[in-house]
Amino acid sequence: MTRLILLGPPGAGKGTQAKILADVCQIPHISTGDILRNAKAQGTELGKKAQAYMDRGELVPDELILDLIRERLSQPDAQAGWILDGFPRNVTQAAFLDTLLQELNQTYDRVVNLEVPDNILVERMLGRGRKEGRADDTEQVIGQRLQVYRQQTAPLIDFYSKRQHLLSVDGDRSLEEVTASLKQLVAC
Ligand code: AMP
């Protein structure tokens, strides 16, 4: 059973690597960013509420995210394992996840932090913005997202280190090299 929390700054390659691993392990890749972007594209109530925060590079309020995660982790396909990408994003969400997993009789077995230096992150996100046209991959919003990461998400490194769950992987290598390291850590 693989239940993996993938941490790391925006642009670290979490989404790309999570997709590959989810495919290898045949488990769902659960990305709150993807769920929110879909909701935004479909113009749902959630999408409308989340849009302004996402466009500014800020975190969407916890109350919009927590129900969504509860519902997603309760679905049948998530009982075989999962990879979380982009959640938790702050200490409140991490504490909520601990409680939720207890309720669902689940636990995570790995937390992996993908480490990439800031200058590389900016380069990658600007490249992605040009290629995929992601609305929040512009210079100004990238700066804001990195600041939000440092203030709100980076404390999770300490949160999970204290629980002795955290492993670090150097994300500043080729896609294949990073995948190979992750596969070694995630036996499925
Ligand atoms: P991502 O694709 O994970 O970089 O997420 C894109 C944007 O979606 C973020 O900048 C946030 O505005 C929002 N978002 C994604 N996941 C979360 C989360 N767990 N909590 C709050 N906001 C989130």
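Since every read-out is calculated from the coordinates, none of them should be taken as a lab result. Please read all numbers here as calculations on a predicted model, not as lab measurements. Note that we place each Cβ from the backbone using ideal geometry, even for glycine, and neighbour counts take in every protein chain shown.
7 Å from Cα along Cα→Cβ at both Arg150 and Glu176: what's the point-to-point distance in nm?
3.5
Within 10 Å, count the other beta carbons around each residue, average over each peptide in 148-160, 29-41, 1-13, and list them highest first.
So the order, starting with the most tightly packed, is 1-13, 29-41, 148-160.
Is the shape of region 1-71 rounded, prolate or oblate, going by the alpha carbon gyration tensor and its root eigenvalues a ≥ b ≥ c, with a/c under 1.5 for rounded and a/b larger than b/c for prolate?
Taking the square roots of the gyration eigenvalues as a ≥ b ≥ c, region 1-71 is prolate.
Would you give the gap between the C-alpha center of region 1-47 and the C-alpha center of region 96-123, rounded to a whole Å?
11
Sequence neighbours fewer than 8 away in the same chain don't count; with that in mind, list the lysines whose C-alpha is under 21 Å from Lys131.
Lys14, Lys19, Lys40
When the helix-only estimate is applied to the chain (DSSP H runs of n ≥ 4, each -39,500 (n - 2.57), divided by the residue count), what is the mean residue ellipticity at 222 nm, nearest 500 deg cm²/dmol?
Roughly -17000 deg cm²/dmol at 222 nm, from the helical runs in the chain.
Can you tell me the length gained on complete extension of the stretch Lys162 to Thr16, counting 0.36 nm per residue apart and subtracting the Cα distance?
Contour length minus the Cα-Cα distance gives 49.8 nm.
In terms of the Cα gyration tensor, with a ≥ b ≥ c the square roots of its eigenvalues, is region 51-98 rounded because a/c is under 1.5, prolate because a/b exceeds b/c, or oblate?
It is prolate, given that a/c is not under 1.5 and a/b is the larger ratio.
Working only with C-alpha atoms, what are the Rg and Dmax values of region 19-156, expressed in angstrom?
15.4, 43
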